[in-house]
1. Net charge within 12 Å of ARG181 by Cβ-Cβ distance, Lys/Arg positive one each and Asp/Glu negative one each, not counting ARG181 itself?
2. Classify the stretch 173-234 as rounded, prolate or oblate, taking a ≥ b ≥ c as the square roots of the eigenvalues of its Cα gyration tensor: rounded when a/c is under 1.5, otherwise prolate if a/b is larger than b/c and oblate if not.
3. Taking the Cβ of PRO199 as the centre, find all other residues whose Cβ is under 12 Å away and add up their charges (Lys, Arg: +1; Asp, Glu: -1).
4. Express in Å², to the nearest 10, the accessible area of LEU80 obtained by rolling a 1.4 Å probe over the protein heavy atoms while all chains stay in place.
5. Say we join alpha carbon atoms closer than 10 Å with springs in a Gaussian network model of the chain; which of LEU93, LEU110, LEU38 then has the biggest fluctuation?
6. Where a ≥ b ≥ c are the square roots of the eigenvalues of the C-alpha gyration tensor, would you call the stretch 165-279 rounded, which needs a/c under 1.5, or, failing that, prolate if a/b is larger than b/c, or oblate?
7. Using the Cα centre of the chain as the reference point, and only Cβ charges (+1 on K/R, -1 on D/E), how large is the resulting charge dipole? Debye, rounded to the nearest 20.
8. So which residue, out of ALA180, ALA17, ALA156, gets the largest mean-square fluctuation from a GNM of the chain using Cα contacts under 10 Å as springs?
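The values are calculated or read from the model by the stated rules, or taken from the named source; none is laboratory data. Predicted, not measured: the structure shown is a model, and the values here were computed from it. Heads up, the Cβs are rebuilt from the backbone with ideal geometry, glycines too, and the neighbour counts pull from every protein chain shown. What goes into the accessible areas is simple: the full protein's heavy atoms, side chains included, and nothing from ligands, DNA or RNA. Shrake-Rupley method; radii C 1.70, N 1.55, O 1.52, S 1.80 Å.
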Amino acid sequence: MELEVRHLRALCAIADAGSLHKAARQLGVSQPSLTTQLQRIERALEGELFLRERTGCRPTPFGRTVLGRARPLLAEMAALVAEARAQAHGQRLRIGSTASRALPGWLRRLHRRLPDTETTLVVDVSANALLRMVAAGQLDVAFVHEVEGSPLRVPAGLQMRVLMEREPQFVSMARNHPAARQPVVDLQDFARDRWTVDPSVDGEWDGLRRVFAGAGLDPPVLHTDYHTAASLIVSGEAVAPCQPTSGPRDDMAIRPLQGDPLAVRLLLATRPGAHAEVYADLRAAYRELALRTAPYRAWLHRTGSPLLSAA
């Protein structure tokens, strides 16, 4: 059997849903049919992709490797189709971004402002990769973050606008973590905890290591992806830096760090001549999200952030 796009889409759906039942419902197929398809894919790849458990299924190490290759391929295929359609209609806006909860609000505003423009989105953990795509003409704009102390490699010719000069990074932990009882936490509160970090995010591991060294800490660090990290945090096995716009969760506590030792700079990279509206819409979407998140809103007021201004 040869792998097809639909097979990769099914694997990603299973990983995202966490169970065959939920994935089958999302894909509009029966669970037995999806189970059979997964077995055929595993036979074709000669390896087990998911561990079947009573509460669902999760990727094996081999499965995570396959998913890591499948997701970019699906994104490229979606981009190819969208760009072809947009080219046929003559208008398109190709957007790249690192992970951000501001994306839905940003896209909603762009669609409202530019209803006749086909919009495509590429999400990548690597800010440097997105910047290279803008420089190569594969993207028109990219919303990226730059970890403090780890400058991005900005290709010549790009226009860079700063959305946030210094966005603090908060800490996510299990709801029953002792530090969760405090409104603001200190790095020393996590001296005995394992931390989790995604080493594929440009500068994240280096930035965290510098902050640990400055605080005289040397905690164990687990290198893993975002989805696995969330499970580890909820179970109390690890803590992790997180965006301050992260919303409240029943199974996880998110707290600001005393002194804001961890921070990133938020940037919008554009090609010359790109739509001028994209920055204004991004700022409005990010501001709306930030003010809706109580801990971050308190931080913005405490620091007198320019983001509080609607202009």
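1. Numbers: positive: ARG175, ARG255; negative: ASP189.
Once all neighbours under 12 Å are counted, the net charge is +1.
2. On the way: a/c = 2.10, a/b = 1.15, b/c = 1.84.
Since a/c reaches 1.5 but b/c is at least a/b, the shape of the stretch 173-234 is classed as oblate.
3. Working: positive: ARG209; negative: ASP198, ASP202, GLU204, ASP206, ASP225.
Summing Lys and Arg as +1 and Asp and Glu as -1 gives -4.
4. LEU80 has an accessible surface of roughly 110 Å² with all protein chains in place.
5. Of LEU93, LEU110, LEU38, the Gaussian network model singles out LEU38 as fluctuating most.
6. Values: a/c = 1.84, a/b = 1.66, b/c = 1.11.
Prolate, since a/c reaches 1.5 and a/b exceeds b/c.
7. Values: 39 positive and 33 negative charges, 146 e Å.
Roughly 700 debye, rounded to the nearest 20.
8. Per the Cα network of the chain with a 10 Å cutoff, ALA156 tops the list.
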